[in-house]
Amino acid sequence: MKRRTFVGTAAALPAVGLLSGTARAQVKEIRMIESGGKSGESIEVGYIEPFTKKTGIKVIRESPNSLGKLRALVESGQTSTVLMELGSGTLVQAKNLKLIEPIDWAAVNPAPMFPEARNEYGFGYQYFSTIMAWRAGAKAPKNWAEFFDTKAFPGKRCLPDFPHYSLPFAVMATGVPADKLFPLDVETGFKKLNEIKKDIAVWWKAGAQPPQLMKDNEVQYVICWSGRVVGDPAFGYNFAGGMADLAYFSIVKGSKPEDRAAAYKLMYEMSLPANQAKAATVISYTGPSPELDALLPKDKLADFPSSKQNKSVQWFQNAEWWAANGEAVNKKWEAFKLSL
Amino acid sequence: MTRTTRLDGFGFIAPLLVLMVVAFNAPIVYMLGLAFWEKGRGFTLEHYEGLAEAPVYLRVLGNTMRIALIATIANVVIGYPLAHWMRGLGRRGRMIAVALVVLPFWVSILVRTYAWIVVLGNGGLVNRALQWSGLTDAPVSFLYNELGVTIGMANVLLPFLVLPLFAAMIRIDDRLLQAAASLGAPPRTIFWKVYFPLTLPALAAGALLVFILCLGFYVTPAILGGGRVPMISNLLDTLINQIPRWEQASAISTLLLIVTLAIFAAYRRIDRKASA
């Protein structure tokens, strides 16, 4: 296709979309970029299936969902992808870089949601936690001070190779309570990590690494995403002091209005507790409905990030602070990694 | 006459040339330009200043070069004797040996890299054998450090060194070696005075190729390094995909490109001197 024709068509489409409701119904498919793996499957089973059944619109999923990809999409002027999955931190970054647009919440008209999931720029569709876990049989730490105490709790560690997932826990290990964590005392965090760096065998980048490394007995203690370890008798885990976080869906800047209308309908499906319960059968991450607990299997409530018992013992990631300080901290992180 | 022949040939390579310029060279120029030109702000040197102010990025580059050098040396130490041994085999033996060297090319780098985890891990083949034989009591840490990265990179890149080297070695005329022997040179002298100099250009070319490939290696350090071996590609991934500071990444990439070209230029100089 010639670039000129392509741009012309793209410019004409919004006008058509506004003209009549029938034109809107002509949307046959929309595209989303999501994080892939089991999470993608859970979106398919929980939300896309009922959405397609009701509207006849197909949803094409793509992954992975790096912020760099979003920047490339927007800067190249594409209009085909309407939904982008973002983490709480990348959501703020994307907003600041003007890569996403506000959500028309009136158009979504969602079922009741937890307030933090209803962001001006993002639909918080999935709670996930970053928690401590250990190989079954290892001595169980109760808090972060114990987790970072390699003398009393001997064993190799595996920590996230992301400063925003590792540093806050290191600071908590020095006795700082969760509600006083931000602004984060970065120096204290690095000091703590320096103390035990010899016992940190692997810094992980992919969420699948920590459970595998524990099974291979390469490491005994990890900080990892809850969905990777819960429900597996090979691991022990503890939500206490863990970090709750939300994955969001945002509207890509420059996407077509009729695609957005369809995307809002998909978001509505995401807000229904019955659909969220279906998604939770695929992955142990949960949707934003306060009524979800009642629909989940009772014996599994301890595995879910947003169940009442777990939500109350965790704290929330401070995305605003990381958006403002992330790059500077990252330089220190690289320097720290060179000292290993 | 020569001139027209050259122009005739040009017609045939024009499609490739266009493809290279459009699909390869233009994006590179755009990428290099990113660091100098910002939308709405015009020309800037800010990102290079940022590089100078944050020596950590330069140190990662230095670390990358050091590991690339180690992996290249490891490749030469393993690859040269291997190629030499292959030269001495019969026709059939050579075929089998070449097939075995090329075989890893048919397997994805990712799979090969993960295979090393099975082989070298704490509960892996090597460690179990070592402990069973009583050589060690505790597992030896082969993985998740520079050793693991070096082993992995040497494995993946070995064919790049062995194949050109082997090709050069089988071209060496046996009569040259026999002539040296008939003049009374001991085997050691024959090797260093006749054989080795004849293989040197291929060795240098292969080693250079391996070194340059090492500089940009991503998968193997990411998996076998356990996040403890910072290399430039992994840093670039963070800057491009997570932060995303493409301008800074572009400045670092430019630097990497300059270093690579400088090494290549040095090689060309040596090569020309050697063949003159």
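For the residues of A:154-161, the average number of beta carbons from a partner chain within 10 Å of their own beta carbon is 2.
Rounded, prolate or oblate, given the Cα gyration tensor of chain A, with a/c below 1.5 counting as rounded? It is prolate, given that a/c is not under 1.5 and a/b is the larger ratio. The length gained on full extension between A:Lys308 and A:Glu195, counted as 0.36 nm times the residue separation minus their Cα-Cα distance, comes to 37.2 nm. Here the spin labels are modelled as points 7 Å beyond Cα on the Cα-Cβ line, and at A:Asp299 and B:Ala26 they lie 6.2 nm apart.
Counting only other chain Cβ atoms within 10 Å of each residue's Cβ, the peptide A:330-336 averages 5. Between the listed residues A:Thr281, B:Phe264, A:Ala234, the Cα displaced farthest toward the positive end of the dipole of the protein assembly as shown, a dipole computed from Cβ unit charges relative to the Cα centre, is found at B:Phe264. Here the label points at B:Ala52 and B:Val18, each 7 Å from Cα along the C-beta direction, are separated by 4.4 nm in the simple model. Within a straight-line Cα-Cα reach of under 18 Å, A:Lys300 can be paired with the following aspartates and glutamates, leaving aside sequence neighbours fewer than 8 residues apart in one chain: A:Asp232, A:Glu291. Of the peptides B:152-162, A:299-309, the ranking by mean beta-carbon count within 10 Å, highest at the top, reads B:152-162, A:299-309.
What is the ratio of the Cα radius of gyration of the stretch B:36-275 to 2.2 N^0.38 Å, with N the residue count, to two decimals? That ratio works out to 1.24. Using the Cβ-Cβ distance between A:Glu101 and B:Leu130 with R0 set to 51 Å, the FRET efficiency works out to roughly 0.30.
Within the stretch A:58-196, the proportion of C-alpha pairs whose separation exceeds 19 Å stands at 65%. Entry note, chain B: the mean residue ellipticity at 222 nm calculated from DSSP H runs of n ≥ 4, each adding -39500 (n - 2.57), is -24000 deg cm²/dmol after division by the residues and rounding to the nearest 500.
Put in order of Cβ neighbour count within 10 Å, fewest first, the listed residues B:Phe264, B:Phe211, B:Phe36, B:Phe166 become B:Phe264, B:Phe36, B:Phe211, B:Phe166. Add +1 for every Lys or Arg and -1 for every Asp or Glu among the other residues with Cβ under 9 Å from the Cβ of A:Asn65, and state the total. Net charge around A:Asn65: -2. Working from label points 7 Å from Cα in the Cα-to-Cβ sense, the A:Thr281 to B:Asp271 distance is 6.3 nm. A simple count of charges around A:Trp225, restricted to other residues whose Cβ falls under 15 Å of its Cβ and scoring Lys, Arg +1 and Asp, Glu -1, yields -2. As a rough footprinting exposure proxy, the listed residues B:Trp246, B:Trp192 were ranked by other beta carbons within 10 Å of their own, and the order from fewest upward is B:Trp192, B:Trp246. Across peptide A:213-220, the mean count of Cβ atoms from other chains lying within 10 Å of each residue's own Cβ comes to 4. Under the combined filter of DSSP loop state and at most 10 neighbouring Cβ atoms within 10 Å, the stretch B:22-89 retains these trypsin sites (Lys or Arg not before Pro): B:Lys39, B:Arg41. Which part of the stretch A:148-167 falls in the paramagnetic zone of A:Asn217, meaning amide N under 20 Å from the point 7 Å along Cα-to-beta-carbon? From the stretch A:148-167, the list is A:153-158. Here B:Lys39 is the anchor, and the aspartates and glutamates within straight C-alpha reach of less than 19 Å, apart from those fewer than 8 places off in the same chain, are A:Glu75, B:Glu49, B:Glu247.
In loop segments of the stretch A:140-200 as defined by DSSP, the trypsin sites (Lys or Arg not before Pro) with at most 14 further C-beta atoms inside 10 Å of their C-beta are A:Lys142, A:Lys151.
Give the range of the longest stretch in chain A that excludes all GluC sites (Glu not before Pro) found in loop regions by DSSP and having at most 16 other beta-carbon atoms within 10 Å. Between exposed loop sites, the widest span is A:121-290. Rounded if a/c is under 1.5, else prolate if a/b beats b/c, else oblate: with a ≥ b ≥ c from the C-alpha gyration tensor eigenvalues square-rooted, which is the stretch A:257-340? Judged from the Cα gyration tensor, the stretch A:257-340 comes out oblate (a/c at least 1.5, b/c at or above a/b). For chain A, the 222 nm mean residue ellipticity estimated from helices alone, with every DSSP H stretch of n ≥ 4 adding -39500 (n - 2.57) and the total spread over all residues, rounds to -11500 deg cm²/dmol. Estimated from the Cβ-Cβ distance and a Förster radius of 30 angstrom, the FRET efficiency linking B:Leu45 and A:Ala328 is about 0.90.
Overall, the anisotropy analysis places the stretch B:16-160 in the oblate class: the square-rooted eigenvalues a ≥ b ≥ c of its C-alpha gyration tensor yield a/c not less than 1.5, with a/b not exceeding b/c. Exposure proxy shown here: for B:His84, A:His164, the number of other Cβ atoms within 10 Å sets the order, fewest to most, as B:His84, A:His164.
For the stretch A:272-340, a crude dipole built from +1 on the beta carbon of Lys and Arg and -1 on the beta carbon of Asp and Glu, taken about the Cα centre, is about 120 debye to the nearest 20.
Between A:Leu338 and A:Glu120, the FRET efficiency from the beta-carbon distance, with R0 = 45 Å, is close to 0.70. Protection proxy ranking for A:224-231, A:91-98, using the average of other Cβ atoms within 10 Å per residue and placing the highest first: A:224-231, A:91-98. Cα convex hull, the protein assembly as shown: 224 Å³ per residue, rounded to a whole number.
Straight-line reach from A:Lys205: taking Cα to Cα under 16 Å and skipping same-chain neighbours fewer than 8 places apart, the lysines in range are A:Lys337. When the protein assembly as shown is described by a simple charge dipole with +1 on each Lys and Arg Cβ and -1 on each Asp and Glu Cβ, the residue from B:Val21, A:Leu272, B:Phe196 located farthest towards its positive end is B:Phe196. In the elastic network of chain A, a GNM with C-alpha springs shorter than 10 Å, the most mobile of A:Thr130, A:Thr150, A:Thr286 is A:Thr150.
Where a number appears in this text, it was derived from the coordinates with a stated rule and is not lab data. The model shown is predicted, which means the values in this text are computed figures rather than measured ones. Glycine also receives a Cβ, built like all others from the backbone with ideal geometry; neighbour counts cover every protein chain displayed.
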